Amino acid sequence: MKNERAGAGESPLEGWPLILGYLGVILMLIGGVILLPLVVLAAYPEEAGEAKYFVLPGTAAILMGYMLGLHLRGREHGRLHKHQDTVIVVGAWALAILLCAAPFVLTGRYNFTQAVFECTSGWSTTGLSVVDVTQTPHIFLLYRSVMLFFGGVGLVLVMLCVLSDSYGMRLYSAEGHPDRLLPNLAASARTILAIYAGYILAGTALYMVFGMDWFDALNHSIAALSTGGFSTRAESIGYYDSPAIELVTVLLMLLGSTNFLAHLYLLRGRLKNFFGYCEVRFSLFATALFTPLLAGLLLAGGLADALPRAVRDGLFQTVSCLTTTGFQSVPGFGGWPAPLLLSMILLMLAGGGTGSTAGGIKQFRVCIMLKDALWTLREKLDHRRVVRTHAVRRPDGVETLDWRGRSEVSSFILLYLMVFALGSFVLSCFGYPLADCMFELSSALGTVGLSTGITAYDAPAAVLWTETAGMLLGRLEIYVVFLAVIRTAGDAKSGLLGALARVRKRGWK
């Protein structure tokens, strides 16, 4: 919000001073995130000794943020230069990951690489883990879920609930929220948080009804809705072997992977808008197509002992892959037949909905790609010169696509697949089977969290860093990261050249 109390003669904050001010506000939010798990000590007082790992980094983040944010007070906010919104978003996520890694490192049980990997997995809502949940204190298990919660909705979105200005929409969009639910941006952010929190509370209640204790219920509800997949059990959802718990999880995963604007129409009873949305239709179609396919492959591979169990696991793993959640109802994926792994890779690459907590290429882009192929084929077969309008259906109406929009989608998908191929190649250099490498990288890049066993506490550091890069690129959608790096490098070069010029000028004098 623009501050009208700017002092006389003071120029508005813009460029890097404004970036640092935003990052200061975000640092204070990060500090709060680090301190939040301390509330669990009321239920588990025997873990009070673990508190020291959170207090220091949490307090330090709040103090640093306060100092950085001081120069925003009483000053009018000027303009952000081109692509500096991406610098704020990527900077915020980098700070969140690095600072939140501190409690893991301070325990002495994890090195820097493992801690950064775990926190990147949490903030990106991936769910790949190097943590042994059977030996991990409750405070750290809740800490992972807290990262999933805020990573799912996004740091910038939380910031905009309390701070909004004329450049808020640019930050909001850069973090992966393309739709504004209400005319007021801050109100849209609060509405998303309210929907998100409401679903989590409902999911927690249902889990408890079907037999989970409150701690497991809360953590799994957050993990399912954030499409994160961190579990408090080594066997994930399969630990409970409960059709009711699996059904609740499926519903939460589908809700988490659905565009928040579509949720608004669903909650208002506008079912035609909701079910007419191309992503909802694609999700239902893909689930109906891949569930019997996976069920058949599970039976053929001897991984299910009966048809009902095969269908149950086929449905659960289809939804888990498509929504990029990463929960499991089966023991593991190492040594699975190639057709099963390929089917799941395709689902993980497609991913969930735009403006949701899910990752992947995103279903909206996949819909456009498939429609574009059909439009092109139809135009080649039709001998008449007919000008057609190409459009896709969104929750709030029909969106017309020109050649530029279609080209941008194709370019993004090509870049995504190039990153996928490069990451798979790097993993294969460590001697893992190619199918396992492709599965693992599609899981990291799609922010899914399923693993064939490559991701482990003792995995090579280069493997963990490759997956860490994939998770961050997947969550922030590649272009945002590239633009932020290019803009930062350009600003650093300009600053260095300017400083050299000033030094030379003084020398000449």
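The range 221-333 holds no helices (runs of 4 or more DSSP H) entirely within its bounds that carry 1 or more residues that are at positive phi.
Kindly indicate whether residue 405 is surrounded by 12 or more Cβ atoms within 10 Å (Cβ to Cβ), over 13 Å from residue 282 (Cβ atoms) and free of Cβ contacts under 8 Å to residues at least 60 places away in the same chain. Yes, satisfied. Of the residues screened, residue 280 is one that is buried (at least 20 other Cβ atoms within 10 Å of the Cβ) and of a type in the set (A, V, I, L, M, F, W, C). Of the residues making up the range 341-351, not a single one is among the hydroxyl-bearing types (Ser, Thr, Tyr) and modelled with pLDDT under 85. Being closer than 17 Å to residue 117 by Cβ, without any contact (Cβ under 8 Å) to a residue 24 or more places away in the chain and out of contact with any helix residue (DSSP H, G or I) (no Cβ under 9 Å at 6 or more places or on another chain), is that true of even one residue in the range 432-444? Within the range 432-444 (the criterion being closer than 17 Å to residue 117 by Cβ, without any contact (Cβ under 8 Å) to a residue 24 or more places away in the chain and out of contact with any helix residue (DSSP H, G or I) (no Cβ under 9 Å at 6 or more places or on another chain)), the answer is no, since none of the residues qualifies. Taking the listed residues 448, 419, 463, the one that is within 20 Å of residue 356 (Cβ to Cβ), β-branched (Val, Ile, Thr) and touching a residue at least 24 places away in the same chain (Cβ under 8 Å) is 448, with no other qualifying.
Just checking, does the range 337-345 include any residue being more than 20 Å from residue 239 (Cβ to Cβ) and not in a helix (DSSP H, G or I)? Yes, some residue in the range 337-345 is more than 20 Å from residue 239 (Cβ to Cβ) and not in a helix (DSSP H, G or I). Considering only residues that are touching a Gly at 6+ places or on another chain (Cβ under 8 Å) and under 13 Å from residue 211 (Cβ atoms), look in the range 232-243 and name the one that is surrounded by the most Cβ atoms within 10 Å (Cβ to Cβ). Only one residue fits best here, namely 240.
When the range 14-41 is filtered for residues that are crowded, with 21+ Cβ neighbours inside 10 Å and more than 25 Å from residue 67 (Cα to Cα), only 40 remains. Would you please name the residue that is surrounded by the fewest Cβ atoms within 10 Å (Cβ to Cβ), looking only at residues in the range 113-137 that are part of a helix (DSSP H, G or I), touching a Gly at 6+ places or on another chain (Cβ under 9 Å) and small (Gly, Ala, Ser)? Result: 122. Scanning the range 422-431 for residues that are over 21 Å from residue 321 (Cβ atoms) and either free of Cβ contacts under 8 Å to residues at least 40 places away in the same chain or touching a strand residue (DSSP E or B) at 6+ places or on another chain (Cβ under 8 Å) (or both) turns up 422, 425, 428, 429, 430, 431. For first residues located in the range 469-480 and on the phi > 0 side of the Ramachandran plot, partners that are assigned to a loop (DSSP other than H, G, I, E, B) and crowded, with 19+ Cβ neighbours inside 10 Å and lie 6+ apart or on another chain with Cβ distances below 8 Å form the pairs 477/176.
Total residues in the range 42-60 satisfying the condition of being among the small types (Gly, Ala, Ser) and loosely packed, with under 11 Cβ neighbours inside 10 Å: the figure is 2.
Residue 454 fulfils the conditions (1) of a type in the set (A, V, I, L, M); (2) more than 29 Å from residue 257 (Cβ to Cβ); (3) free of Cβ contacts under 8 Å to residues at least 40 places away in the same chain except for a single criterion, (2). All conditions but one from (1) assigned to a loop (DSSP other than H, G, I, E, B); (2) touching a strand residue (DSSP E or B) at 6+ places or on another chain (Cβ under 8 Å) apply to residue 393; the one that does not is (1).
For the range 331-366, the set of residues classified as under 14 Å from residue 413 (Cβ atoms) and surrounded by fewer than 19 Cβ atoms within 10 Å (Cβ to Cβ) consists of 346 only.
Table: residues versus (1) farther than 22 Å from residue 130 by Cα; (2) out of contact with any Cys (no Cβ under 8 Å at 6 or more places or on another chain); (3) part of a helix (DSSP H, G or I); (4) among the aromatic types (Phe, Trp, Tyr).
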residue	(1), (2), (3), (4)
418	yes, yes, yes, no
424	no, no, yes, no
432	no, yes, no, yes
442	no, yes, yes, no
447	no, yes, no, no
469	no, yes, yes, no
496	yes, yes, yes, no
500	yes, yes, yes, no
505	yes, yes, yes, no
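The values are calculated or read from the model by the stated rules, or taken from the named source; none is laboratory data. If you're wondering where the values come from, they're calculated on a predicted model, not measured in any experiment. Heads up, the Cβs are rebuilt from the backbone with ideal geometry, glycines too, and the neighbour counts pull from every protein chain shown.
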